[in-house]
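What follows is a single structure, written as C-alpha cells, with notes after it.
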Amino acid sequence: MPTPEPVPHPPNTPLARAERFVWLTARVLEQRLFAHHFLEGGADPVERALDAYRNEDGGYGHALEPDLRGPVSQPLHTAHALHVLDAVGRCGGTRVEHVCDYLTSVSTADGALPVILPAQRGYPTAPFVPVVDDPAGELLATGPVVGLLHRNNVWHAWLFRATDFCWQAVESLEHSHPYEIRAAVTFLDSVPDRPRAQAAADRLGRLVRDRRLAALDPDDLGAYPVAPDYAPGEHHFPHDYARTPRSLARAWFTDEEMSRSLDHLTAEQQEDGGWPVRWRQWAPAPALEARPMVTVDALRTLTAYGRAT
C-alpha cells in the first residue's frame, strides 16, 4: 500500500518551522516519526526505518542513540528502539520478544541493565558515558525499558526480576539526579501495582522539590543548581518529568509552575525551527542527529498539553 503524501502545515507556525527543520536535518527515522505524529503518516515506514538499526542478537546499535557510535547492540540503543515502537503503537509481538531475549542476555543477576556494555570499547563514545569491564545494572537503563514493556502489556520471564530491581531501586532513592528520576517516572507511570506506584511517586516528588532538581522559575535559573557532571545550563523543568498530563509526575507541580515550564519549552524553539540539545555536546554528528530527536519530543510534549499549533 503506497505511503500517503504528507499534509503540510500552514506556513510560519511553530509546527511548520519544525517540519522544515526536520526535513532539512533529520535522519530518516526522525523524519518518519515526525510524519507519523504530525502529518498523518503511518507506522509501517517508522518500523522500516528502525529496522536499519537492529542486530541479529535482537538488540539495536548503529548509533541509534547518537552518543554511542558503532554497530554493536547496547541497552541504551534498545531502550530507544522500544520508545520508538511505543510511540507508533507497535511495541509488541515477535519483534519485542526478541528484544526481551536480548535484554535477558545482557542483564545482571538481579535483572538490571547496565547503561553501557564493554563491547562499546573501541568505538567513538561520549566521554560522559564511561565504558568499564564489569558494569553494574542501573535504574537509569532499566526503568524506562521495564516501564514501556508494562505499558504495552508485554510479559516475559525477564520482566519479573527486572521489575523487582526497579522497585527496590526506586524506593531506596535518596540522592539522585534528573535523568535517574525521569527513568523512575517512566517505570512508575506504567507498572501494574498502581497504589505502590502512587506512593513511590509522591515520595520522589518531594525529593525533586526538596533538592531543587526541577527549575520551577525559568526566569531565575541561577536559583537551581545543575547536577554534578551535567553541562552548564543543563536544567530540567517540570515538563521534562511530566511529559504528559497523565504522568504521576504532573502532581508534583502546580498549574502555574507547569504553565511557566511549557511557556519556556515553547520559547526554546530556535530560529531554524528546531529545539536545542541541552546536554553536553562532544562531536558534531551526535549533536546534529540529536536535535531532530529533541524537536520531535518537544512537539509531542506540547501536543500532549494542547500547546502545539
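The values are calculated or read from the model by the stated rules, or taken from the named source; none is laboratory data. These numbers were taken from a predicted model, which means no experiment stands behind them. As a convention, Cβ positions derive from the backbone with ideal geometry for all residues, glycine included, and neighbour counts pool all protein chains shown. Protein only, heavy atoms only, side chains kept; ligands, DNA and RNA dropped before computing areas. Shrake-Rupley method; radii C 1.70, N 1.55, O 1.52, S 1.80 Å.
Rounded to a whole number, what % of the accessible area of segment 8-141 do carbon and sulfur atoms account for, probe 1.4 Å? Of the solvent-accessible surface of segment 8-141, carbon and sulfur hold 54 percent. Contact order, relative form, for segment 38-86: 27 percent (alpha carbon pairs under 8 Å, 6 or more residues apart, mean separation divided by residue count).
Shown for segment 223-272 is the translational diffusion coefficient from the Stokes-Einstein equation, using the Kirkwood radius over Cα pairs, a temperature of 4 °C and a viscosity of 1.567 mPa s: 107 µm²/s.
The share of Cα pairs per 5 Å bin across segment 101-192, counted from zero up to the longest distance, runs 3, 14, 24, 23, 19, 11, 5, 0 percent. Net charge near Gln168: determine it from the other residues with C-beta under 15 Å of the C-beta of Gln168, scoring Lys and Arg +1 and Asp and Glu -1. Spelling it out: positives minus negatives among the neighbours equals -4. Only helical runs count toward this figure. For the chain, summing -39,500 (n - 2.57) over DSSP H runs of n ≥ 4 and dividing by all residues gives -15500 deg cm²/dmol at 222 nm. Of the trypsin sites (Lys or Arg not before Pro) found in segment 229-264, those that fall in a DSSP loop while having at most 10 other beta-carbon atoms within 10 Å are Arg246. Across the chain, C-alpha contacts under 8 Å between residues 6 or more apart give a mean separation that, scaled by the residue count, equals a relative contact order of 17 percent. The listed peptides 292-302, 48-58, ordered by packing as a protection proxy, come out as 292-302, 48-58 (highest mean of other Cβ atoms within 10 Å first).
Taking every protein chain into account, the accessible area of the chain amounts to 46 square angstrom per residue (probe 1.4 Å). PRE reach from Ala283 (point 7 Å along Cα→Cβ): which of segment 103-123 fall under 20 Å by backbone N? Only 115-123 pass the distance filter. Taking the Cβ of Trp275 as the center, what net charge do the other residues with Cβ under 15 Å away carry, scoring Lys and Arg +1 and Asp and Glu -1? Charge balance in the 15 Å sphere: -3. Electrostatic tally near Arg209: other residues with Cβ closer than 12 Å to its Cβ, Lys and Arg +1, Asp and Glu -1, net +1. For segment 154-287, the average shadow cast by the Cα convex hull is 10.1 nm², which is a quarter of the hull's surface. At what distance in angstrom do the alpha carbon centres of segment 176-194 and segment 47-66 lie from each other? Rounded to whole Å, the Cα centres lie 25 Å apart.
Three semi-axes describe the equivalent ellipsoid of the chain; taken as square roots of 5 times the Cα gyration tensor eigenvalues and ordered largest first, they are 27, 26, 20 Å. Taking amide H atoms as placed 1.01 Å from N in the peptide plane, the amide H of Tyr60 lies under 5 Å from those of Asn55, Gln74, Thr78, each 5 or more residues away in sequence or on another chain. The length gained by stretching the chain between Ala16 and Asn55 to full extension, at 0.36 nm per residue less their Cα-Cα distance, is 10.6 nm.
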